[in-house]
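Coordinate-derived values only; no laboratory data. Just so you know, these numbers come straight off a predicted model, no measurement behind them. Every residue, glycine as well, gets a Cβ built from its backbone with ideal geometry; the counts of neighbours run over all protein chains shown.
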Amino acid sequence: MGVVRELIANLVHASFAGVVVTVLDGGNTIRISDRGPGIPDKDAALRPGFTSADAQAKNYIRGVGSGFSLVREILTRLGGVLEIEDNLGRGTVVTARVQPRPMTPLAPAALPTYNLTERQLKTLLLAVELAPVGPTRIAEELGVSTSTAYRDLVFLEEAGYVASGPSGHRSVTDAGLAYLDAVL
């Protein structure tokens, strides 16, 4: 579940009306514009739980309204920004931008040693967004049992991607951020 996937998933809300995806700056900027219903409250769109989907769209849209807030958190950690603006006349323009970084190949030992499942990756991304977080909140967000969320958090902790705080809740570690940077 990368930044681009989350941004594209939000096009469903726009009924795919007049969509234009533009990649700029050698891939460091992605701009997605549409002619959908627009987003009246840009600040609200960046908070977890926001959705602009109408009742009909909610019949086939799956999600918890965390897309833009998750994307913003990931981009912020990467030194980037997420901008949401009105399109000319109608719709929205969403721009995701990261600063160009010199390309230095990772040493083989620095590559991620674990291939996370999609659910484990979502759990790790939620640990970034909701930190510190426990299994109950993860279970609610992903629609899984608390014991499944707990097992995923334990696995991520053993992998060194999250660390447990005094309350038992977990936060992402530098190794977890490096893993996300390598796979997203």
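Computed as a quarter of the hull surface, the mean projected area of the alpha carbon convex hull for the stretch 108-183 stands at 4.6 nm².
Ranked by the mean number of other Cβ atoms within 10 Å per residue, highest first, peptides 70-80, 35-45 order as 70-80, 35-45.
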